[in-house]
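Let me begin by presenting the structure, written as structure tokens, before commenting on it.
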Amino acid sequence: MIKIAVLCSGGDCQGMNACIQTIVNMASVHGIMVMGVRRGYQGLMENDFVELTRESVANIGHLGGCFLKVARSEEFKKPEGVKLGHDNLVKNRIDYLIVIGGNGSYRGAIELSELGTKVIAIPGTIDNDLFYTDRTLGFDTAVNNAVSTIDNIRQTMEANDRGFIAEVMGRECGHIALNVAAAVGAHSCAVKEVPVEISDVVSDVKQCLSKGIKSPVVVISEACEFTANDVKEAIEKECGIECRSSVVGYVQRGGAPSVMDRLLAIQSGVMAIELIYKGIYNVALGIRNNNVFYMKLDEVYELDNEFNKVLYRQLRNLHNLK
């Protein structure tokens, strides 16, 4: 019998549970035994394994968070930590390891593969900062959650003719900020990928105010060198309108996964088991044109961030901003 393990590393994201459930259900079809590793690479080093069955993962697919728990492990970044994790996989007679996670998780997966672990990586991070794939698990839901939050706050801002500045997650990547800004029709968007100063945001707001906008909305990425409150104070000082600012934080990472994230989770889980059954490993799964594909794991970092500058320009054209 083939015996595999699955772990989720780094930050949790919507769709992880749906992917775990799919992996377990698909594995049972092929007579493959599945072990879950609690708390990601930290649990791998601590030999924290638990057997997963159809019954144990029933009805988790619609939940956010992570059934197996996640953790960020500083110890695993060291060679001895990776070696300990690999040794525990060998000790538990694991034939293949499925890693669901983001940028840092992939680096750990690559290091394990270099020691002989047979790995399949599935992109799971709201940040969408693995650029070989169109999107990652959790990204679509995170964008939807942020849009819903901003829409709700915007209603009370408009009732008071106040400006609103929202700061969204994404770490060093501005994909969440851009997509949220476009979806809410923000009057200015600040991301790291496009050089923007506070004065540029203030200029955007001034232009919109001159055209009759009473409650301008600004969306900024957490990667920017200034905060939402910095922007708020600058707009109030330079434009003479009252504003409110808010960090749209962990609400983005919680809640039920969207249809898009559930589909990606299911497609990825099915393909992972199909590849294992065929003896294919050391690959990363991704999605392109709504079809799941795989590529060599050690080539995922060769692709640069293709920031959607067309969408960014369209957002500015929407408000005829110079």
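The numbers here are math on the coordinates, done by the rules we state, and not lab data. None of the values given here were measured: they were computed from a predicted structure. With ideal geometry, Cβ positions are generated from the backbone for all residues, glycine too; neighbour counts draw on all protein chains shown.
Report the one residue of 64, 220, 307 whose Cα lies farthest in the direction of the positive end of the charge dipole of the chain (charges on C-beta: Lys and Arg +1, Asp and Glu -1; origin at the Cα centre).
Value computed over the given set: 64.
Give the residue list of GluC sites (Glu not before Pro) in the range 149-200 that are DSSP loop and have at most 15 other beta-carbon atoms within 10 angstrom.
Details: sites: 158, 167, 172, 193, 197; in loops: 172, 193, 197.
Sites meeting the loop and neighbour criteria: 172, 197.
Using helices alone, what [θ] at 222 nm do you get for the chain, with -39,500 (n - 2.57) per DSSP H run of 4 or more residues, divided over all residues and rounded to the nearest 500? All intermediate terms of the calculation are to be shown ahead of the outcome.
On the way: 10 runs with 131 residues, N = 322.
Per the formula, -13000 deg cm²/dmol.
Under 5 Å between amide H atoms, partner at least 5 residues away or on a different chain: which partners does residue 167 have, H built in plane at 1.01 Å?
220, 246, 247, 248
Viscosity 0.692 mPa s, temperature 37 °C: what is the translational diffusion coefficient of the chain from Stokes-Einstein with a Kirkwood Rh over Cα pairs, rounded to a whole number of µm²/s? Walk me through the numbers on the way to the answer.
Values: Rh = 20.6 Å.
Reported coefficient: 159 µm²/s.
Give me 322, 232 ranked fewest to most by other Cβ atoms within 10 Å of their Cβ, as a rough exposure proxy. All intermediate terms of the calculation are to be shown ahead of the outcome.
On the way: 322 6, 232 20.
Taking fewest neighbouring Cβ atoms as first place, the list is 322, 232.
Longer than 26 Å from Cα to Cα, which of 69/309; 3/69; 237/309; 77/278 are they? Say none if no pair is.
Details: 69/309 36 Å; 3/69 21 Å; 237/309 30 Å; 77/278 31 Å.
Those over the limit are 69/309; 237/309; 77/278.
For the range 133-216, run through the trypsin sites (Lys or Arg not before Pro) and keep only the ones in DSSP coil with at most 14 other Cβ atoms within 10 Å of their Cβ. Each step should come with its number before you reach the end.
On the way: sites: 135, 154, 162, 171, 192, 206, 211, 214; in loops: 135, 162, 171, 192, 211, 214.
Sparse-neighbourhood loop trypsin sites (Lys or Arg not before Pro): 211, 214.
Kindly express, to the nearest 10 degrees and within the range 0 to 90, the angle between helix 309-318's C-alpha long axis and the longest C-alpha principal axis of the chain.
30 degrees
Compare the Cα positions of 178, 239, 263 along the charge dipole of the range 151-295 (+1 at Cβ of Lys, Arg; -1 at Cβ of Asp, Glu; about the Cα centre) and return the one farthest towards the positive end.
Looking along the dipole axis, the top candidate is 263.
May I ask you to sort 56, 210, 258 by Cβ crowding, counting other Cβ atoms within 10 Å and putting the fewest first? Working shown, then result.
Working: 56 15, 210 8, 258 19.
With the sparsest Cβ surroundings first, the list reads 210, 56, 258.
Considering only C-alpha atoms, what is the centroid distance from the range 171-196 to the range 256-322, in Å?
19 Å
Any chance you could run the full-extension gain for residue 251 through residue 161? It's 0.36 nm times the residue separation minus the Cα-Cα distance, nm to one decimal. Don't skip to the end; give the middle numbers.
Numbers: separation 90, 0.36 × 90 = 32.40 nm, distance 2.55 nm.
Gain in length upon complete extension: 29.8 nm.
Rounded, prolate or oblate: which fits the range 142-253, taking a ≥ b ≥ c as square roots of the Cα gyration tensor eigenvalues, rounded meaning a/c under 1.5, else prolate when a/b beats b/c?
In terms of gyration-tensor shape, oblate.
Please list, or write none, the aspartates and glutamates whose alpha carbon is within less than 16 Å of the alpha carbon of residue 206, excluding same-chain residues fewer than 8 places away.
Correct list for residue 206: 161, 197, 233, 236, 238, 242.
Restricting attention to the range 1-80, which GluC sites (Glu not before Pro) occupy a DSSP loop and are surrounded by at most 12 other Cβ atoms within 10 Å? Show your work: numbers first, answer last.
Numbers: sites: 46, 51, 55, 74, 75, 80; in loops: 46, 55, 74.
Those satisfying the criteria are 55, 74.
Can you give me the Cα centroid spacing of the range 58-81 and the range 101-126 in angstrom?
Using only Cα atoms, the two centres lie 12 Å from each other.
Within the set 78/296; 78/192; 192/214; 91/296; 83/118; 91/118, which residue pairs have Cα atoms separated by over 21 Å? If you can, show how the numbers build up before the last one.
Details: 78/296 23 Å; 78/192 30 Å; 192/214 27 Å; 91/296 26 Å; 83/118 14 Å; 91/118 14 Å.
Violating the 21 Å Cα-Cα cut-off are 78/296; 78/192; 192/214; 91/296.
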